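Undergrad: One structure follows; several queries about it will come next.
The values are calculated or read from the model by the stated rules, or taken from the named source; none is laboratory data. The structure displayed is predicted, hence computed values, not measured ones. Counting neighbours? That spans all protein chains shown, and the Cβs are built from the backbone with ideal geometry, glycine included.
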């Protein structure tokens, strides 16, 4: 198993070692962060209006929308494995695969202008999720390969902060476009505003693709080589899946999967907050914006803290914050503004302390020539586990009520966190990135 060491051949060859010791992040990280920011503005513009467009505009039932959304998220998790493997082949085709992914997502936005039936919408959203799945692992591989190992937590923190900034801007842009398109001079067509959002979103997505092609180098740090020899020219799928034979990598993937099984979706969290706090419906859209704002503010400090104190500690503290939020949510009743703020801060800190930190840890646990596959294996396992958790939580809520469902998930998170802490405790089998 390759063990990253910034003083040896693992450092990207295209950068001077002195620049890494100074703590400077490579331009590639900021370029990819800009691409993600722009793309998230485009994606969140559509996400902000899509439920209302489908349910109110096209008459899709809420159950149908939920199944549609769940299926697309599951598809993205599976396609991520394909994107990671293809990106690793031939010494690293990360930018090419990422460009295809961003291009597919950009293509689907104008297609929504002509997709007026549920099957057509299903195909269109499938294209978007396929693009998202293809680009995620190669993008994270480019970040890890362009950054010195001791700064990867900060690098992923910077990227996630820029990505989250796009998630904050997107709904605001969608609101402005929708308001302008449905103003007093817009006519009586109710779908005119949605069409305007889809059209502007497509243009923004193309801008993100252009930034990727112009400012992200085709090869990241030259041809990365492990310490014991040259890169293979072509990796087989069997070689990629063999990563799970390594005990440390298997433990890391298992922990991500286990903890994902007890992480309910954000939509359920916000619904529970609205019910517990008796929030007016008009304030509901502000809840995800608050979480994203905290994530944006804390992503970089959490990444730097993980580089300094150890990613295992920060990763587990993040899940302890989520557990605390679940506990508060289970015992809360009635409007309490201060407590609401505390829970939203805990929710945002959970993402800041786990999302980029897990990616940085994965980068340390796999050889450089298999960065894409390693990112995909861990990320897909976590995403599929969260998808299963959401389905299970919804079923438990329907059968026994939201309080019982949340109590069971909270107990499950306690158990899974204890198991993860045991699996990731420092030892010869612990993945280096989580030490």
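Undergrad: Name the residue, out of 43, 36, that is modelled with pLDDT of 90 or more, touching a helix residue (DSSP H, G or I) at 6+ places or on another chain (Cβ under 6 Å), assigned to a helix (DSSP H, G or I) and closer than 27 Å to residue 168 by Cβ.
TA: Values: 43 fails: touching a helix residue (DSSP H, G or I) at 6+ places or on another chain (Cβ under 6 Å).
Going through 43, 36 in turn, just one is modelled with pLDDT of 90 or more, touching a helix residue (DSSP H, G or I) at 6+ places or on another chain (Cβ under 6 Å), assigned to a helix (DSSP H, G or I) and closer than 27 Å to residue 168 by Cβ: 36.
Undergrad: Sticking with this one: The conditions are (1) in a helix (DSSP H, G or I); (2) modelled with pLDDT under 70, and residue 50 fails exactly one of them. Which is it?
TA: The single condition residue 50 does not satisfy is (2).
Undergrad: For region 75-98, give me the residue count where each residue is closer than 27 Å to residue 49 by Cβ and buried (at least 17 other Cβ atoms within 10 Å of the Cβ). Walk me through how you get there before you give the answer.
TA: Start the filter on region 75-98 by keeping residues that are closer than 27 Å to residue 49 by Cβ, which leaves 75-80, 98.
Within this subset, residues satisfying the condition of being buried (at least 17 other Cβ atoms within 10 Å of the Cβ) are 75-77, 79-80, 98.
Residues that pass the stated criteria total 6.
Undergrad: Among 283, 322, 377, which is the only one that is surrounded by fewer than 22 Cβ atoms within 10 Å (Cβ to Cβ) and at negative phi? Even if it seems obvious, please write down each step before you answer.
TA: On the way: 322 fails: surrounded by fewer than 22 Cβ atoms within 10 Å (Cβ to Cβ); 377 fails: surrounded by fewer than 22 Cβ atoms within 10 Å (Cβ to Cβ).
Just a single option satisfies the conditions, and that option is 283.
Undergrad: Let me ask something else. Looking at 335, 352, which one is assigned by TED's automatic domain parsing to the domain that holds residue 410 and crowded, with 18+ Cβ neighbours inside 10 Å?
TA: On the way: 335 fails: crowded, with 18+ Cβ neighbours inside 10 Å.
From the options 335, 352, the qualifying one is 352.
Undergrad: I've got another one for you. For region 294-338, what are the residues that are more than 22 Å from the chain's Cα centre (by Cα) and touching a residue at least 40 places away in the same chain (Cβ under 8 Å)?
TA: Answer for region 294-338, where residues must be more than 22 Å from the chain's Cα centre (by Cα) and touching a residue at least 40 places away in the same chain (Cβ under 8 Å): 327, 329, 330, 332, 333, 334, 335, 336.
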